[in-house]
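Below: the structure, in structure tokens.
Every read-out reported here was derived from the displayed coordinates using simple, explicitly stated rules and does not represent laboratory data. It should be emphasised that the depicted structure is a prediction, and the values quoted were computed from it without experimental measurement. Positions of Cβ are generated from backbone atoms using ideal geometry, with glycine treated the same way; all protein chains shown enter the neighbour counts.
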Protein chains: 2
Amino acid sequence: MHILIIGAAGMVGRKLTQRLVKDGTLGANSVEKLTLVDVVAPERPQGFAGTVVAREGDLSASGEAEKLVEGRPDVIFHLAAIVSGEAELDFDKGYRINLDGTRYLFDAIRLAHDQDGYKPRLVFTSSIAVVGAPLPFPIPDDYHLTPLTSYGTQKAICELLLSDYSRRGFFDGIGIRLPTICIRPGKPNKAASGFFSNILREPLVGQEAVLPVSEDVRHWHTSPRSAVGFLIHGATINLEKVGPRRNLSMPGLSATVGEQIEALRRVAGEKAVQLIRREPDEMIMKMVAGWAPGFEAKRATELGFTAEKSFDEIIRVHIEDELGGKL
Amino acid sequence: MHILIIGAAGMVGRKLTQRLVKDGTLGANSVEKLTLVDVVAPERPQGFAGTVVAREGDLSASGEAEKLVEGRPDVIFHLAAIVSGEAELDFDKGYRINLDGTRYLFDAIRLAHDQDGYKPRLVFTSSIAVVGAPLPFPIPDDYHLTPLTSYGTQKAICELLLSDYSRRGFFDGIGIRLPTICIRPGKPNKAASGFFSNILREPLVGQEAVLPVSEDVRHWHTSPRSAVGFLIHGATINLEKVGPRRNLSMPGLSATVGEQIEALRRVAGEKAVQLIRREPDEMIMKMVAGWAPGFEAKRATELGFTAEKSFDEIIRVHIEDELGGKL
């Protein structure tokens, strides 16, 4: 089986690659070839017996989509995107990469389909940014698309395209609406949502972290491990069970910042909690107020997608996957 | 005030033009100039004191959108579209006209906005085809987008773009989700939805009409007069009251085919009803089963959009507007 990951150098792309290399299989099939593409060349994974092509490529550049499809990958994970903040600051770039790039990919597959019946599984990462306040809690599966950012708009549009191209039979698409990923590994970054991870990840290794919002802010989380699990399940699930509505709000954990902190206290003690510094930030508070507090995710749950049930568990996953199992 | 109508040669475009000419005003402003554009040159309206430009133009052609925006119309009605059946048969054409064409228009306005602060009111005709079965009845305002055609997908995408471009401040957009228009004037056509109008319009003038579905089929209707009323109200409404969710399911009348026929009997007598010939058509029955039975339209109703309350009224509107008030 030949698997293509577009956006393979990102955090989720790297973890997905590791998982595929570790498993050596995807569903019932052995993974023989991995094509890893991103705007910076992805690292070649260690310990993979099959063929690896890891290269630089910009999906929005002319001819790139056709090149990606040329090798007729059986499964395509499309994870590439300009993130929310950048898509908001650079209108043209956001639409060019997140909308046009995706459409180039979809159309390249469509043309290949017309040529020789090519019909890959396509797993697309969407986002909870497809909805924006005012929102019910929990948000039902049949809630309308109400993005409040250009990024969320672009993701919502790609969801619609994915359903239509799938309905037309050009590919077998599934859209995975990822919760906010927590605990995001790496350094603190400037994303407005960064603090949800920072306030756990940094104290776990004895570092200070800044909390810019109040403890009653409620949001929707899943671990990087679960996010990869969603993508793998999306790549192997029987799509007849999914039906024509191909975009699924993934399960996750709805928690307040206060609940996150209590979990940190239980797992790592009061000393860790004391490293959280409160620095209210009006701008971040205003942005976060528009975000999703949590989804019902009934369909995805029934379809076998699973996530963590407590923040203690999310923290333990981070300790296992990022800190070698030790605090 | 300068008003641009894109898609002015279509049925709704012609009726909107007539209404604007008759009123001479739009809201508090007098109409000084009308620019009427379509793929075939629209007819010049009679009895209009102001300037009329009526010309041929294809929104998806290079440079056309910029040309439309050049005269800086204060209000733009964007009604142009490839219809559902054609968009389904010709994938490329549907996306080119219904999606790319609309995006060219939106981007031409955005560039003009960046140049000189231009910010028109933009009234976009969307469609109930943005949803597809299985559907609740009535469909609430917050129901998700579930198109089952490429046409519905294209309309849904344009709705999302309209909200985002409005949020960004490039124009003041409003999306008007039109019910099926009934009674559609003119000759019977081959649109799958044509029978909803045919079974009333033809018997009203002593002609036979074919009914391809059963009498219990429920659908969502409004008269051409109301449709024009929606557009006018959308062009003049205070958008602060509408808020950031700019696409509104219009009010309409939910009725079964049997209820349509009963209204015909009340208005035009048993002789008219006898002109309806039952010819069940499996394909049409299957298509119609996916269509919307009716919407709650709570927001639009609260915002002052109004439609007919009975099919008797819809038939009387047709008699007044198309048959000179006489049967």
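Six or more apart or on different chains, Cβ atoms under 9 Å: show the pairs whose first residue is in the stretch B:57-69 and farther than 16 Å from residue B:93 by Cα and in contact (Cβ under 8 Å) with a residue 40 or more places away in the chain and whose second is of a type in the set (Ser, Thr, Tyr) and part of a loop (DSSP other than H, G, I, E, B). These pairs meet every condition: B:69/B:118. Which members of the stretch B:139-154 meet the condition of being in a loop (DSSP other than H, G, I, E, B) and closer than 15 Å to residue A:141 by Cα? Across the stretch B:139-154, the qualifying residues are B:140, B:141, B:142, B:144, B:145, B:146.
Residue by residue, here is whether (1) part of a helix (DSSP H, G or I); (2) in contact with an Asp or Glu (Cβ under 9 Å, 6 or more places away or on another chain); (3) more than 10 Å from chain A (Cβ to nearest Cβ) holds:
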| site | (1), (2), (3) |
| --- | --- |
| B:97 | yes, yes, yes |
| B:102 | yes, no, yes |
| B:109 | yes, no, yes |
| B:137 | no, no, yes |
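Among residues of the stretch B:156-171 that are over 17 Å from residue B:248 (Cβ atoms), those with a beta-carbon under 9 Å from a residue that is of a type in the set (Lys, Arg) and outside any helix (DSSP H, G or I) at least six positions away or on a different chain give the pairs B:169/B:119; B:170/B:119. Residues in the stretch A:149-169 that are at the interface with chain B (Cβ under 9 Å from one of its Cβ atoms) and surrounded by fewer than 21 Cβ atoms within 10 Å (Cβ to Cβ): A:167, A:168.
Picking from B:257, B:210, which residue would you name as being crowded, with 19+ Cβ neighbours inside 10 Å, in contact (Cβ under 8 Å) with a residue 40 or more places away in the chain and either touching a Lys or Arg at 6+ places or on another chain (Cβ under 9 Å) or over 20 Å from residue B:138 (Cα atoms) (or both)? I'd like the intermediate steps shown before the answer.
Details: B:210 fails: crowded, with 19+ Cβ neighbours inside 10 Å.
Exactly one of B:257, B:210 is crowded, with 19+ Cβ neighbours inside 10 Å, in contact (Cβ under 8 Å) with a residue 40 or more places away in the chain and either touching a Lys or Arg at 6+ places or on another chain (Cβ under 9 Å) or over 20 Å from residue B:138 (Cα atoms) (or both), namely B:257.
Residue-level analysis places residue A:201 among those that are touching a residue at least 40 places away in the same chain (Cβ under 8 Å) and among the basic types (Lys, Arg).
Go through the stretch B:291-327 and count every residue that is polar (S, T, N, Q) and under 18 Å from the mean Cα position of the chain (by Cα). Let's see the steps before the verdict.
Pass one, the stretch B:291-327, residues polar (S, T, N, Q): B:301, B:306, B:310.
Restricting the remaining residues to those that are under 18 Å from the mean Cα position of the chain (by Cα) gives B:301, B:306.
Looking only at that region, the number is 2.
Considering the stretch B:115-135, the residues that are assigned to a helix (DSSP H, G or I) and under 17 Å from residue B:161 (Cβ atoms) include one that is nearest to the chain's Cα centre (by Cα), namely B:129.
Can residue B:51 be described as surrounded by 13 or more Cβ atoms within 10 Å (Cβ to Cβ) and hydroxyl-bearing (Ser, Thr, Tyr)? Even if it seems obvious, please write down each step before you answer.
Values: surrounded by 13 or more Cβ atoms within 10 Å (Cβ to Cβ): no; hydroxyl-bearing (Ser, Thr, Tyr): yes.
Considered against the rule, which asks whether it is surrounded by 13 or more Cβ atoms within 10 Å (Cβ to Cβ) and hydroxyl-bearing (Ser, Thr, Tyr), residue B:51 comes out as no.
Select, from B:141, B:172, B:116, the only residue that is surrounded by fewer than 22 Cβ atoms within 10 Å (Cβ to Cβ) and within 11 Å of chain A (Cβ to nearest Cβ).
Values: B:172 fails: within 11 Å of chain A (Cβ to nearest Cβ); B:116 fails: within 11 Å of chain A (Cβ to nearest Cβ).
Result: B:141 is the single residue among B:141, B:172, B:116 that is surrounded by fewer than 22 Cβ atoms within 10 Å (Cβ to Cβ) and within 11 Å of chain A (Cβ to nearest Cβ).
Working only within the stretch B:229-253, note down all residues that are in a strand (DSSP E or B), among the hydrophobic types (A, V, I, L, M, F, W, C) and within 14 Å of another protein chain (Cβ to nearest Cβ). Before you say what the answer is, go through the steps one by one.
The initial filter retains those residues of the stretch B:229-253 that are in a strand (DSSP E or B), namely B:247-249, B:253.
Now restrict to residues that are among the hydrophobic types (A, V, I, L, M, F, W, C): B:248, B:253.
Of everything in the stretch B:229-253, just one residue is in a strand (DSSP E or B), among the hydrophobic types (A, V, I, L, M, F, W, C) and within 14 Å of another protein chain (Cβ to nearest Cβ), namely B:248.
Per the conditions (1) charged (D, E, K, R); (2) free of Cβ contacts under 8 Å to residues at least 40 places away in the same chain; (3) within 18 Å of residue B:125 (Cα to Cα), the sole criterion not satisfied by residue B:187 is (3).
Condition check ((1) in contact (Cβ under 8 Å) with a residue 40 or more places away in the chain; (2) buried (at least 19 other Cβ atoms within 10 Å of the Cβ); (3) within 19 Å of residue A:225 (Cα to Cα); (4) polar (S, T, N, Q)) across all residues:
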| position | (1), (2), (3), (4) |
| --- | --- |
| A:273 | yes, no, no, no |
| A:278 | yes, no, no, no |
| A:297 | yes, yes, yes, no |
| A:301 | yes, no, yes, yes |
| A:308 | yes, yes, yes, no |
| A:314 | yes, yes, yes, no |
| A:320 | no, no, yes, no |
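Would you pick out the residues in the stretch A:176-228 that are in a loop (DSSP other than H, G, I, E, B), in contact with a strand residue (DSSP E or B) (Cβ under 8 Å, 6 or more places away or on another chain) and closer than 15 Å to residue A:317 by Cα?
Taking the stretch A:176-228 and keeping what is in a loop (DSSP other than H, G, I, E, B), we get A:179, A:182-193, A:205-208, A:212-217, A:223.
Next, only the ones that are in contact with a strand residue (DSSP E or B) (Cβ under 8 Å, 6 or more places away or on another chain) stay: A:179, A:182, A:188, A:193, A:208, A:215-217, A:223.
Within the stretch A:176-228, A:182, A:223 qualify.
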